[in-house]
């Protein structure tokens, strides 16, 4: 399917998560599914239900059908984290809104499990970004549009991952101008033309310079905020923000406080 339409130089993992909510730093994964597509077409599947160790809100259960009772006897994420991390070794990644949600929540879950995972070293293809730029609808509509199928299993992680794989294959068939290798496809359809510097996208890299992407300073460059409100960055270091954001801010402040001419332009490699 995908392997016949896209030149794979290493495995591509199509993944999807179902969770307790929509806040990556606070919520937890209750189901995760990964389909690993090898360059030769061979497939492997990693699919687990997860005990989130916190209550699943009824409004979330109504969406994905997973209740506290259903996962009460399932392992917590920490028990499957190493197996999942090993499954993802040396793979590129694909999903539907994967950059906006699945990767951030996966980052926090792996961090809590004590596992460092370098997402930045991988190409990431987000089928939602391609869809929104080319057409602009939901995953169910995308499946209907690109594959002529109804998405009967919507909001089940494995069904959503399968649907995303079919959508990407349909996109590669429909849009002959799409790049035929993962690296170029990831760059061509990068989210909003920017690169996140932390899993929650609190800071982004735009034209080589870091910008704030939340609160009253959203849209301002780090340099502008430093000139107007230098204490803002010290507040970030004290507050409950992710480790990658604090790491980048620390590097920024260290360079900024060296003196004129040393202001960083964001080229540092930030791993998350």
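With the cut-off at 1.5 for a/c, could you classify segment 1-51 from its C-alpha gyration tensor as rounded, prolate or oblate?
Details: a/c = 4.01, a/b = 2.49, b/c = 1.61.
It is prolate, given that a/c is not under 1.5 and a/b is the larger ratio.
Hey, in the GNM for the chain with a 10 angstrom Cα cutoff, which one of 189, 146, 175 fluctuates hardest?
175
Among 94, 34, 123, what is the fewest-to-most ranking by other Cβ atoms within 10 Å?
Values: 94 28, 34 23, 123 18.
Fewest-to-most Cβ neighbours within 10 Å comes out as 123, 34, 94.
Hey, fewest Cβ within 10 Å first, where do 14, 249, 89, 225 land in order?
89, 225, 249, 14
Order by neighbour count: 38, 155, fewest other Cβ atoms within 10 Å first, most last. List each step's numbers first, then the result.
Numbers: 38 14, 155 18.
Listed from fewest to most nearby Cβ atoms, that is 38, 155.
For segment 196-256, what percent of Cα pairs sit more than 14 Å apart?
50 percent
Taking every Cα atom in the chain, find the radius of gyration and the maximum pairwise distance Dmax, and write them in Å.
Expressed in Å, the Cα Rg and Dmax of the chain come to 19.5, 60.
GNM on the chain, C-alpha springs below 10 Å: top fluctuator among 217, 51, 97?
217
Under the rule of -39500 (n - 2.57) per DSSP H run of 4 or more residues, summed and divided by the residues of the chain, what mean residue ellipticity at 222 nm is obtained, to the nearest 500 deg cm²/dmol?
For the chain, the value works out to -11000 deg cm²/dmol.
Each value in this text was obtained by applying a stated rule to the coordinates, not by laboratory testing. Remember, it's a predicted structure, so these values are computed and weren't measured experimentally. Because the Cβ atoms are built from the backbone with ideal geometry, glycine has one as well, and the counts that use them run over all protein chains shown.
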